[in-house]
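The values are calculated or read from the model by the stated rules, or taken from the named source; none is laboratory data. All values reported here derive from a predicted model rather than from experimental measurement. Methodologically, a virtual Cβ is constructed for each residue, glycine included, from the backbone with ideal geometry; neighbour enumeration extends over all protein chains shown. For accessibility, only protein heavy atoms count, side chains too; no ligands or nucleic acids. Shrake-Rupley method; radii C 1.70, N 1.55, O 1.52, S 1.80 Å.
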Amino acid sequence: MKWRTESEGRFYDPGETTVIYYDTRSGDTHLLTAFAAHVLREIQAESLSLASLISRIASVVEAGQDTDLQEALEGVLSELVAMDILKQE
């Protein structure tokens, strides 16, 4: 099972811990955490499985913070699906 974005979308980073994401398909604007935006950027490049996504994200997560990475990713993915930004294949 893989994840993919529903549209190309546009990111606007106000330089803090949140990122504004404009969904070009729906016309909706979303306020995302920096972590959710990073996850979405990874998936925009190509459809990824959860295992592949964990592998990519783990390389940028600080040591000691990767123990709950799968749980955090599953939560972010669920939220992005609920916002109709991501789709599960």
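Residues that are at pLDDT below 85 and hydrophobic (A, V, I, L, M, F, W, C) within the range 1-53 comprise M1, W3, F11, A45, listed in sequence order. List pairs: first residue in the range 30-43 and in contact (Cβ under 8 Å) with a residue 12 or more places away in the chain and under 10 Å from V76 (Cβ atoms), second residue in a helix (DSSP H, G or I) and open to solvent by 10 Å² or more (accessible area, probe 1.4 Å) anywhere in the structure, Cβ distance under 6 angstrom, at least six positions apart or on different chains. From residues that are in contact (Cβ under 8 Å) with a residue 12 or more places away in the chain and under 10 Å from V76 (Cβ atoms), the pairs are A36/V76; V39/V76. Of all residues in the range 66-89, those that are touching a residue at least 40 places away in the same chain (Cβ under 8 Å) have Cβ atoms under 8 Å from Cβ atoms of residues that are open to solvent by less than 80 Å² (accessible area, probe 1.4 Å) and among the basic types (K, R), 6 or more apart or on another chain, in L86/R4; K87/R4; E89/R4. Any idea which residue in the range 56-86 is modelled with the highest pLDDT, counting only those that are β-branched (V, I, T) and open to solvent by 70 Å² or more (accessible area, probe 1.4 Å)? This residue is V60.
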